[in-house]
1. Looking only at other chains, what is the average number of their beta-carbon atoms within 10 angstrom of each beta-carbon in A:268-279?
2. Could you give me the percent of Cα pairs per 10 Å distance bin for segment B:81-122, shortest bin first, beginning at zero and ending with the bin that holds the maximum distance?
3. Rank A:ARG182, A:ARG107 by accessible area, highest first, at a 1.4 Å probe radius?
4. Could you work out how far apart the two model spin labels at A:VAL41 and A:ILE78 are, taking each label as a point 7 Å from the Cα in the direction of the beta carbon, and quote it in nm?
5. If amide hydrogens are placed 1.01 Å from N in the peptide plane, which non-local residues have theirs closer than 5 Å to the one on A:HIS250?
6. Quick one: if the Förster radius is 41 Å, what FRET efficiency do B:ALA35 and A:LEU152 give, using the C-beta to C-beta distance and rounding to 0.05?
7. If you take the accessible area of B alone plus A alone and subtract the pair, what total do you get in square angstrom, rounded to 100, with a 1.4 Å probe?
8. Need one number: nm distance between label points at A:SER34 and B:LEU54, each 7 Å from Cα along Cα→Cβ, rounded to one decimal.
Amino acid sequence: MTAHATHTSDHADHAEHPPWLAHHFDTPDQQFSSAKLGMWVFLLTEILFFSGLFCAYAVYRRNHPELFVDGHHFLNTILGAINTAVLLLSSFTMAWGVRCAQLGKTRGLMNCLIVTLVCAGVFLGIKYAEYRVKWEHHMVPGQARIAALLGLESPVLHELAPGEPAPRGFHPDHEYMGEKLRHADEEAGVRILSETLYQTQLQERIKRLGTFFGIYFSLTGLHAVHVICGIIAITWLLVRTVKGHFSAAHYNAVDCVGLYWHLVDLIWIYLFPLLYLIH
Amino acid sequence: MQTAPVDEHAVPADAAHAGSAHVVPFGVLLGVFVALLALTYLTVAARYVDLGSLNIWIALGIATIKGALVVLYFMHLRYDSPFNSIVFLTALAFMLLFLGITILDTIQYAPDIEEMRLMQSP
């Protein structure tokens, strides 16, 4: 099948093979396609891994559609859309980086990897801001227990006394959550008779949304863990690029990390409409 | 840049890759990126149009088009060895099997559960 069938050609090949070609491979091409196939098999396990959570999503949404419609009002669509664009940009620069690696453009590869890393950081920063608001509004399932376990300070829900004027929004520093919901509710025809009553009802609604937020945090949290792993892998690529480890003939690692990063993007492409854009 | 140490040992390009590495033109990558952004805008806009139960299928359809663009061009599957595509499609097939059977089961038992609820309520 290959040119190494005879002893002499095999010997000659050993004399000239590049240092990065492992001995159990005949040719660089064989090594490259084996690494790539291995990466695809890993991605297969990743897809099946995530499908467990997608399955939980599908079953709960099928059984309780009204909870998902209500729950998505508590997510910030604008931040979700910005994060989608940021992740798409990072995927584009990663693909561009692979192209630079294939053409042996070390400088271009370096720049692409840096932009990809910055995008990944921005994504996590926005995700942190979203999680923070959820924490401050007591939307994390089992929040009191988590706070006790980690020694964190969990904001105490203010129980309103009858007739007590409620603050607009739950937290004086984060009013937009209350404002956004109020707007959505008014559009849906909800008549807000009393501010106190409305605030109490909101708190009741959040208590009922435990399952929705459980699925939201599992899916986006697992995805965020993948983003963090991607940041580690891309940083490793960047160090190796600066050290001059890659060339047009040898860039397996860039290609494989690229595939992983695109899968992280692919999963977010589904998460965004399924969580933020429920009609 | 500091590529000198490796480049000295690098084999000629023709020996390095015999076909499994296709270089996607920059214009194609940029076009795919712009299309992905446009489809993101479309999916956000579609959320505000009331189409009843069609909304979820439109959202999933747009996401699948976006996913296909990422897989075919950014992940090179269009140019790659078909064996990698088989691996990917296998993952999708088993995921659909998993989700499909579970949802069928959920739908199947929904009336029974509803009946039980009615019987239990005073």
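1. Working: counts 1, 12, 6, 1, 6, 14, 4, 0, 3, 11, 4, 13.
Counting Cβ atoms of other protein chains within 10 Å of each residue's Cβ and averaging gives 6.
2. Histogram of Cα-Cα distances, whole percents per bin: 25, 26, 20, 15, 9, 4, 0.
3. So, going from the largest accessible area down, we get A:ARG107, A:ARG182.
4. 4.8
5. Amide H neighbours of A:HIS250: none.
6. Rounded to the nearest 0.05, the efficiency is 0.45.
7. Chain pair B/A: roughly 5300 Å² of buried accessible area.
8. Going from the A:SER34 label point to the B:LEU54 one covers 5.3 nm.
The values are calculated or read from the model by the stated rules, or taken from the named source; none is laboratory data. What you are looking at is a predicted structure, and each value in this text was computed from that prediction instead of being measured. Cβ sites come from the backbone with ideal geometry, for glycine too, and all protein chains shown count toward neighbours. In case anyone asks, the SASA skips ligands and DNA or RNA and just uses the protein heavy atoms, side chains included. Shrake-Rupley method; radii C 1.70, N 1.55, O 1.52, S 1.80 Å.
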